Each structure stands twice: as C-alpha cells, then as structure tokens.
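Step one of this worksheet: look at the structure below.
The values are calculated or read from the model by the stated rules, or taken from the named source; none is laboratory data. A quick note: this is a predicted structure, and the numbers were derived from the prediction, not measured. When we count neighbours, we look across all protein chains shown, and the Cβ atoms used for this are built from the backbone with ideal geometry, even at glycine. With ligands, DNA and RNA removed, areas are computed over all heavy atoms of the protein, side chains included. Shrake-Rupley method; radii C 1.70, N 1.55, O 1.52, S 1.80 Å.
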Amino acid sequence: MSNSQEILSQCEGGILTLCFNRPDKKNALNLSMYRELSERLRSADGDDSVRVILLTGSGDSFTSGNDLADFLASPPTGNDSPVMQFLLAISEARKPIVAAVNGAAVGVGVTMLLHCDLVYAAQGAAFQMPFVNLGLCPEAGSTLLLPRMMGHQRAAELLLLGETFTAQTAREVGIVSEVHPDENLAAVARDKAVKLAAQPAASVRLAKSLLKREYRVGLKETIVEEGAQFMKRLASPEAAEALQAFMQRRQPDFSKFS
Ligand code: COA
C-alpha cells in the first residue's frame, strides 16, 4: 500500500488514525491522498487489528476539501476516479469511524462526516459546503442524507447558499455529535475511540450496518448520480469561472450565466 506523508497513518490499540497532513494547503485532498484513504478504509474492513478508524487533520484545518487545482488539472471522469472511490469506500465502511474536526471543514470535509459515526468538533471549527458557489452540485450522498437529518429547508439553506457555519450549528443540525474547546478536542475524540474499541466489535459492526439498512441501496445510487452530475458541472463555464476566481483570489462573477 502507498504510504505518503500526506496521510499520516497509525494503528495502535485497535484504533487506526488517519490524519490529513497537507497543512500548507489546509489539508486539501489531492488524488494520491484519496487513493491512500480508499485503500486504508477498504483494507481496514478485513483487518482484525482495526476496531475503530479515527479521522483528523494536522495544523489548523480538518480538510479544505478537494484540491481545487486538481479539479482543473485532472477532473474526475467516472466512478473509478480517486474521489469517487473514496466516497464509496467511506460510505460502505463496516468499521466505526470517529472524526475529530479540528478546524476548517469544507466541501468533502463536511460531506465525509455524514458517513462517520461519532463526530467531535472543536469550538473554533468552521464548516462550509460551497458546491453551488463553485458552479457544481452536492456530492457524497448529501442530497439524500442532509434532508433526512435536518429537513429540506435547513439542508437547502446549507447547500444553496453555501455559507460558512459554526461548530454549534453543525451540532444543532446533527452533523456533529459534540463540540469541545479546541484544546480538548484531540483527547475527547481519542477517549471516545478507545471506548468504542473496547466494545464488542461484532456488535458494533452489526449496529452500524443496521442503522444504515433502510437507505444503503439508495445511498449508493445517490452518490453515483450526484457524482455523474458533479463531473458534468466541472466542465461548465460557471465552474471554470469559480475555480479561476479562487486561484486569482477574487470574487467570481456569475451574472453572465443564466
Ligand atoms: N484546494 C487547493 N488549494 C487550497 C484549497 C483547496 N481546496 N484550500 C486552500 N488551499 C490553499 C490556498 O490556495 C493557499 O495556497 P497558497 O498559500 O499557495 O496561496 C493555502 O491553501 C492557504 O489557503 P488560504 O485560502 O490562504 O487560507 P485561509 O485560512 O484564508 O482560508 C479556507 C482557508 C479553507 C477557508 C480557504 O482556503 C478556502 O475556502 N478554500 C477552498 C475550499 C473549497 O472550496 N474546497 C472545495 C469544495 S468542493
């Protein structure tokens, strides 16, 4: 398995920690990071030494989402693309996943949390799903899971306006289990992971699977359909304008697009 410095991976006491480690780019996920994450998630399923997966980020961010330069240079083109493989792997993971959201969580940095089981956020963490703002569309099954969690209107507000929201709001709408002072987050998430790893593993896996039983098939279909639309939108003039604007550090202008 590839072993890059951009995903720090460590397994100890039944807890596989995967840490996004590209702090100079706010832990934006590039193609090789997606590949490594998918491989590690898939292999954890068949590895008895892994009882719990813990996701976190280094520096001041969880992850700023997909690397926007990669969207321009090597956009995903099908279900075998690294980002789609990651979304399918995390949504199908059989082992429980704990997330410690230590800072900015943008795009897939938020939508991956919908596939985690226990999500702890630092008080100062900031969340955003700016898919529409980028001329794209929501992904990762979020159009199925968010309305289910919080109702259509709240989901629509988060997705259509794509504004930044606080850890407290993320807790109120159900994306986050608990909010903790920034300095306590790592210890709290670790304690919960240790507790979970001490539970009977087969029962934990069964409970997780039963929790998802009702929407498992629909979820995969939604991820694939959203992915197909997302890939088309990446080729749209609106997305080109939004991505160029990000690179040029200016506001995008969508007024000429109907
Ligand atoms: N892809 C590629 N590069 C990214 C990135 C991303 N998703 N997010 C941040 N970066 C880079 C910036 O370009 C900058 O690089 P530079 O130092 O070489 O210029 C560096 O990371 C620091 O980012 P910066 O924007 O200066 O930090 P900030 O603290 O002001 O803001 C964010 C942090 C996360 C709020 C902001 O970077 C952001 O909005 N990023 C884009 C998020 C996004 O749209 N993700 C995709 C969703 S589909």
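Structure summary
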read-out	value
Verdict on Ser74 being more than 15 Å from Leu113 (Cβ to Cβ), of a type in the set (Ser, Thr, Tyr), within 14 Å of the ligand (Cβ to nearest atom) and touching a strand residue (DSSP E or B) at 6+ places or on another chain (Cβ under 8 Å)	no
Residue check, Ala126 touching a helix residue (DSSP H, G or I) at 6+ places or on another chain (Cβ under 9 Å), of a type in the set (A, V, I, L, M) and open to solvent by 20 Å² or more (accessible area, probe 1.4 Å)	yes
Only listed residue being among the polar types (S, T, N, Q) and farther than 20 Å from Ser142 by Cβ, chosen from Ser74, Ser64, Ser91	Ser74
Residues of the stretch 57-67 that turn out to be open to solvent by 30 Å² or more (accessible area, probe 1.4 Å) and near the ligand (Cβ under 6 Å from one of its atoms), as a count	1
Qualifying positions in the stretch 11-51 - in contact with a Pro (Cβ under 6 Å, 6 or more places away or on another chain) and away from the ligand (no atom under 16 Å from the Cβ)	Arg35
Matching entry among Lys212, Lys232 (being under 22 Å from Gln85 (Cα atoms), free of Cβ contacts under 8 Å to residues at least 60 places away in the same chain, within 16 Å of the ligand (Cβ to nearest atom) and surrounded by fewer than 20 Cβ atoms within 10 Å (Cβ to Cβ))	Lys232
Residue selected from the stretch 181-190 under the condition touching a residue at least 60 places away in the same chain (Cβ under 8 Å) and either among the acidic types (Asp, Glu) or within 15 Å of Ala126 (Cβ to Cβ) (or both), by the criterion least open to solvent (accessible area, probe 1.4 Å)	Leu185
Odd one out for Leu54, checked against (1) more than 29 Å from Ala240 (Cβ to Cβ); (2) buried (at least 24 other Cβ atoms within 10 Å of the Cβ); (3) within 16 Å of the ligand (Cβ to nearest atom)	(3)
The stretch 129-173 - residue that is of a type in the set (S, T, N, Q) and either more than 13 Å from the ligand (Cβ to nearest atom) or out of contact with any helix residue (DSSP H, G or I) (no Cβ under 6 Å at 6 or more places or on another chain) (or both) and, of those, most open to solvent (accessible area, probe 1.4 Å)	Gln153
Strands (runs of 3 or more DSSP E) enclosed by the stretch 1-112 - at least 2 residues per element that are more than 13 Å from the chain's Cα centre (by Cα)	7-12, 15-20, 52-57
